[in-house]
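Since the structure comes first, as structure tokens, the remarks are kept for the end.
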2 protein chains.
Amino acid sequence: MADEIRVLGICGSLSEKSYNKAILRTAQQLAPEGMVIDIYEGIGNFPFYNDDLAASAFPAVVTELKDKIRSANGVLIVTPEYNHGIPGVLKNALDWASRPTGDSAWPGKPVAMMGAATAQGGTVRAQTQLRLNLLPLNAYPLPRPEVLINNVRAKFDDDMNFTDEQGRTFMQQQLVAFAQWIRRLERGLES
Amino acid sequence: MADEIRVLGICGSLSEKSYNKAILRTAQQLAPEGMVIDIYEGIGNFPFYNDDLAASAFPAVVTELKDKIRSANGVLIVTPEYNHGIPGVLKNALDWASRPTGDSAWPGKPVAMMGAATAQGGTVRAQTQLRLNLLPLNAYPLPRPEVLINNVRAKFDDDMNFTDEQGRTFMQQQLVAFAQWIRRLERGLES
């Protein structure tokens, strides 16, 4: 229906048993009524960004992602933290989708982010770097609440279900806030 | 000779006509006596980092880079700035070379960085993010001087020679300071 909120979910981990992939699947389940999260799994198939390639043979996979970003009401990025930053594969996808100059898929796009880590920070530094990267893209990241899932190994059962009640509540709260953020920005544009 | 300083040069751009590649070549020419800069061009051949791949089929190209980092006295990273951060291809290489846990190539490695941009910031934000990424790697980035080359189109001749005298002086000063930094850290370890 027209009022449905379509969110494109992107995970920064390529590992099959990634906790962050599992968090993204959990977000699908926890999405509030009226929000549907579609997961895009193609970023591992992108070439590395290269000005020459962008000019001579713009990759079809990038165009596919750009189309999906454009047709979504918002983007949910779930990312692990690698060396205090986001994975190269995720940065590469963000950069590609911003190209070529003047045809970026990002301007005005609402973005929410979550992350899970085995250590205590819960990806806070990766998410801080991600917010800085979203700034020149002119995307509109949801300010609050943050979803920083630390000590992640203890919070999943053997079937990779995210069982931490506090964490699930934070995720629900963020998804509700994200729906409100998307609607507010869309209504604001109409008026 | 034994006293020679071998520096491994890595560029974050894959483009053939990259200004940053040209800056790295310029650094080779400007290196002080006793310093040799070897350029590593393989990071574009890396797979995207993936825990599964790291565990099951650790890529030979990554081992090659790790060996080169380890056998070098220092690493010089020359990077463009993409959306206020470093390119995915460069972050991916940094991350790979830090794996597996306990076998990172980075701990204690002196690192210098330079960057060139068409805009005014001269990659200052990319370099700031790079410094944050080097922190958990326990690499030893040279604090000063910075080499932030802005407005780069006006500073090259038609043959891609870097002709800006002020910029060349900054580069030389950094390379001399890098040689001192490397020697100081090495002597400090011996004593």
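The values are calculated or read from the model by the stated rules, or taken from the named source; none is laboratory data. Here the structure is a predicted model, which means the values were calculated and not measured. With ideal geometry, Cβ positions are generated from the backbone for all residues, glycine too; neighbour counts draw on all protein chains shown.
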- Qualifying residues in the stretch B:142-168 (those that are farther than 22 Å from B:S18 by Cβ and in contact with a helix residue (DSSP H, G or I) (Cβ under 8 Å, 6 or more places away or on another chain)) - the one surrounded by the fewest Cβ atoms within 10 Å (Cβ to Cβ): B:R144
- Item | Residues of the stretch B:141-191 that turn out to be hydroxyl-bearing (S, T, Y) and modelled with pLDDT under 95, as a count | 1
- Message: Against the condition buried (at least 23 other Cβ atoms within 10 Å of the Cβ), within 10 Å of chain B (Cβ to nearest Cβ), under 20 Å from B:G85 (Cα atoms) and without any contact (Cβ under 8 Å) to a residue 60 or more places away in the chain, how does A:W96 come out, does it pass?
- Response: yes
- Query: Applying the selection to the stretch A:174-188, what residues are touching a residue at least 12 places away in the same chain (Cβ under 8 Å) and exposed (fewer than 15 other Cβ atoms within 10 Å of the Cβ)?
  - Reply: A:E186
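Which residues, counting only those in the stretch B:129-149, are of a type in the set (D, E, K, R) and more than 12 Å from every other protein chain (Cβ to nearest Cβ)?
Start the filter on the stretch B:129-149 by keeping residues that are of a type in the set (D, E, K, R), which leaves B:131, B:144, B:146.
Within the stretch B:129-149, B:R144, B:E146 meet the criteria.
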- Item | Single match in A:A126, A:A119, A:A112, A:A105 (criterion: surrounded by 22 or more Cβ atoms within 10 Å (Cβ to Cβ), within 13 Å of chain B (Cβ to nearest Cβ) and farther than 18 Å from A:F46 by Cβ) | A:A126
- Query: A:R168: more than 14 Å from chain B (Cβ to nearest Cβ) and in contact (Cβ under 8 Å) with a residue 12 or more places away in the chain, yes or no?
  - Reply: yes
